1. Applying the selection to the stretch 168-219, what residues are within 11 Å of Ala153 (Cβ to Cβ), modelled with pLDDT of 90 or more and in contact with a Ser or Thr (Cβ under 8 Å, 6 or more places away or on another chain)?
2. Within the stretch 81-94, can one find any residue that is in the same structural domain as Ile51 (by TED's automatic domain parsing), farther than 18 Å from Pro10 by Cβ, among the β-branched types (Val, Ile, Thr) and buried (at least 16 other Cβ atoms within 10 Å of the Cβ)?
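The values are calculated or read from the model by the stated rules, or taken from the named source; none is laboratory data. Just so we're clear, the structure is a prediction, and the values are computed from it rather than from any experiment. With ideal geometry, Cβ positions are generated from the backbone for all residues, glycine too; neighbour counts draw on all protein chains shown.
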Amino acid sequence: MLMELLNKNPVFACLDQEELKSVAKSANRHKYQKGEWIAHHGQDWPFLFLIESGTVQALKESPEGRSLLVVELEKGEIFWGLSFFIENAPMPVALVAKQNTNLFLWSLDYLKPIILRNGEMSWELTQLMILKMQYASEILNEFAFQPTTGRLARLLLEHFEDAVGDYVSRDMTLDEMAARIGSTREMVCRHLYHFADQGVIQINRTELKITNQTFLEGLAGKGKQ
């Protein structure tokens with residue numbers, strides 16, 4: 001299983017098979033239960049991991065206790081602690097298992113010599129870092145220029161796309177929705193019921209239906225230009 005995942009990941013796939021086997025043998029496999037913390041904000045965590053199964057969430061937390069879901073990582077993806085590249089640098093986010101999750105971890109001390117002597121691996125890792133920087137920039141732009149109602153409208157359209165004209169199960173809690181848009185559960189609840197009062201959605205304790213997709217698209221900035 002691990003060799004298959006390594007061969008599919010661009011960062012590792014450029015290594016020859018003998019070195020890849022050595023990397024696989026050196027991996028430390030860790031199991032995390034749903035909701036278990038993998039790394040805490042501010043922690044010195046010099047590791048790189050690859051997801052065998054499950055989902056890892058990167059959360060940014062404010063001093064007031066608000067959480068922002070920065071990214072969700074799925075099977076086959078890799079991620080790293082900041083101190084994997086910068087000595088003693090604290091984690092800018094916390095990492096938590098969204099569901100039961102298995103990870104393969106490598107330490108900086110083990111992977112650094114391999115990265116330094118494999119230029120293509122360094123290049124692939126650099127490209128991945130740039131892609132994540134671009135993604136972070138998009139998040140910053142959204143929070144800087146789009147109000148909470150617009151972010152919530154976008155979340156409804158993207159996560160509950162099957163709810164247009166038909167009821168679907170509400171598979172996200174208010175806290176989870178708040179974490180995705182950088183708000184609070186109280187604010188999310190208020191906006192949801194405001195949308196309901198306007199006839200934009202229909203909502204109950206377990207289900208949700210979008211009745212005015214065009215209105216939400218306008219708030220989310222997805223209308224015709």
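1. Within the stretch 168-219, His191, Val200, Ile201 qualify.
2. yes
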